[in-house]
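Structure, as structure tokens:
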Ligand SMILES: NC(=O)c1ccc[n+]([C@@H]2O[C@H](COP(=O)([O-])OP(=O)(O)OC[C@H]3O[C@@H](n4cnc5c(N)ncnc54)[C@H](O)[C@@H]3O)[C@@H](O)[C@H]2O)c1
């Protein structure tokens, strides 16, 4: 099925922000490949854990075998644990969080980037979090992992800028996806009233930011754009 249409790989494509992102790219005529623990509604759903480095390399090869190229990569696979004080976060919880959020982003970049570099073009957009900019209590392992993703992306952006491959990050504010439990503090009307825009962000609004960075936003390099309803100004 190799052709002229651009190709995007989205991790975490089975739900929430990743699903909305894959849907938008598809609507704009891109071929979409989704990597997730679950099957995604993409042109090429690949079931793989982003912590599996060899699995991610194989996923990249599947995408290139199917579509002949990779033009954009979006790293949205992730999970969240809310309401744990730092002293109560276990070693296992730290390792699991860092493993998926930071390690998964590293594995995705390591597997996909060679295909972008071979073409001297393309774009990687990592999904971080507004909490990495503003800090947050009782979910420190998540925030630390999301902050590490920013360091990773800025460094890779500097390393590869001259090649024509751009790397940037999107740091969403609280977004209405299954990641936020029904009783999440971020859904509380009391919290939402503190936001200048007074509401949760929608996944399609994050997708639009990602799409912009992959297409028209050609001068962005190592940037962090944070659609967050004014949570961090
Ligand atoms: N929803 C929010 O409020 C919010 C805010 C800021 C950042 N984010 C980030 O956005 C990204 C997407 O989150 P979402 O809100 O769409 O959540 P979601 O739960 O709706 O979707 C996350 C997806 O990632 C997949 N996933 C989880 N672990 C994986 C693994 N090890 N390997 C492969 N796939 C895996 C899940 O199966 C799921 O389909 C996450 O990185 C999250 O941290 C979300």
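Every number in this text was worked out from the coordinates using simple rules, so none of it is lab data. All values derive from a computational prediction rather than experimental measurement. Note that each Cβ is placed from the backbone with ideal geometry, even for glycine, and that neighbours are counted across all protein chains shown.
Can you show me the helix-derived [θ] at 222 nm for the chain, built from DSSP H runs with n ≥ 4 at -39,500 (n - 2.57) apiece and divided by the number of residues, rounded to the nearest 500. Mind dumping the intermediate values first?
Details: 8 runs with 91 residues, N = 233.
Mean residue ellipticity, 222 nm, calculated: -12000 deg cm²/dmol.
Panel order for 141, 31, by other beta carbons found within 10 Å of each beta carbon, from fewest to most: 141, 31.
In segment 7-225, Cα pairs under 8 Å separated by at least six residues give a relative contact order of 21 percent.
Spatially, segment 74-126 and segment 209-226 are offset by 19 Å when compared through their Cα centroids. Note the angle between two axes, namely the Cα long axis of helix 104-119 and the longest principal axis of the Cα atoms of the chain, as a number of degrees from 0 to 90, rounded to the nearest 10. Computed tilt is about 30 degrees. Put in order of Cβ neighbour count within 10 Å, fewest first, the listed residues 129, 15 become 15, 129. Taking other Cβ atoms within 10 Å as a rough exposure proxy, 170, 64, 47 sort from fewest to most as 47, 64, 170.
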